[in-house]
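Here's the structure, in structure tokens; my notes come after.
The values are calculated or read from the model by the stated rules, or taken from the named source; none is laboratory data. Remember, predicted model here, so these are calculated numbers, not experimental data. A quick note on method: Cβ atoms are made from the backbone with ideal geometry, for glycine too, and the neighbour counts reach across all protein chains shown.
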Amino acid sequence: MHILKDKSRRVSHLRLVVQVVFLLVVYELATIGMDKVLLLLVIFGATLVLGRFFCGWICPFGLYMDLITLLRRAFKGRHWVLSERLNMALHKLKYIVALVIASSVLVLFYMNPVLPSQEFVEFVMRLQFYPPFRYLFLFLSPLETLILPFNPPFGALFEFQGVTFSFPYVGEIAALFYGSGFTFPVAFTFVALAVAASFKVRRFWCRFCPTGISLAVVNRFRAFRWAPLLHLYKVEEKCTKCGICKRVCPPQVVEVYEKKGGRIETSMCMLCLRCVEMCPYEDCLKLELVGRTLFKSRNWLE
């Protein structure tokens, strides 16, 4: 098959299959009603060990954006390349978004220190929050599937013949604006903007998504400098600065190109391995787990 013979996209095709499999897993987890707090701990714990592997290979929202990119290519459309300054600004924006989410939770606790009280429960329900971690569930919004296995309490995008359709973040938008009359206008506007942006900019939302922030945060502490165990490694002597790695990277990570050699340390990298897959120099780029090479660049031009 042509797909299997295309050496420049073998990993990309494999990643697409893995993403679809995990989408089915996420759907099943939603079906059985997996505890959201436990799911948050699993995601952030995995990020600490595996870096942003979740973002590149598991996240349903990432899969939707990749499918939109495939659609753009089918129409032979060109994508926009953001300036490095704007891209870095978007990257830093996710820290602000995460801080706002965390601060909102703290404010909620400060205003209502006695959790078991009926007054607190009534207060948070009036604000359409699930006590006490409503805002924290925004970190799980990228996992929202397009088809839901249940009818959400605050509504979704629409329902057709008994099937409920949604989109990442729509559930939280519906909860926050429930009863205001703005729920569906805001939800549909968000979906339209997200799809349009993803059509022109590769992995647009990933550039400032707060869900993948844990790696960058813990690396600020010396005790966690070992993290993540899964990372990219560059051999300086084999690099000719051809710039392919920088051009093919969906979120426009420049550290792989700019770093002279050694371990690539950036929270922007989603480990999609597109740079390793496209690098035409044998063993120049490697994916390593605890010092062991799992995948490396090959001279696919021969």
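Against the conditions (1) crowded, with 17+ Cβ neighbours inside 10 Å; (2) free of Cβ contacts under 8 Å to residues at least 24 places away in the same chain, where does E258 fall short? Just the number, please. With (1) crowded, with 17+ Cβ neighbours inside 10 Å; (2) free of Cβ contacts under 8 Å to residues at least 24 places away in the same chain applied to E258, the lone miss is (1).
Checking the conditions here, which among M88, M65 is within 23 Å of V254 (Cβ to Cβ), modelled with pLDDT of 95 or more and hydrophobic (A, V, I, L, M, F, W, C)? If you could, list the steps in order and put the result at the bottom.
Values: M88 fails: modelled with pLDDT of 95 or more.
Exactly one of M88, M65 is within 23 Å of V254 (Cβ to Cβ), modelled with pLDDT of 95 or more and hydrophobic (A, V, I, L, M, F, W, C), namely M65.
When C275 is tested against (1) touching a residue at least 24 places away in the same chain (Cβ under 8 Å); (2) outside the structural domain of I101 (by TED's automatic domain parsing); (3) part of a helix (DSSP H, G or I); (4) surrounded by fewer than 22 Cβ atoms within 10 Å (Cβ to Cβ), exactly one condition is not met: (4). Residues in the stretch 48-57: is at least one farther than 21 Å from C249 by Cβ and touching a residue at least 12 places away in the same chain (Cβ under 8 Å)? There is at least one residue in the stretch 48-57 that is farther than 21 Å from C249 by Cβ and touching a residue at least 12 places away in the same chain (Cβ under 8 Å). When each of P250, P280 is tested for being surrounded by 13 or more Cβ atoms within 10 Å (Cβ to Cβ) and either under 17 Å from the mean Cα position of the chain (by Cα) or assigned by TED's automatic domain parsing to the domain that holds Y135 (or both), the lone residue that passes is P250.
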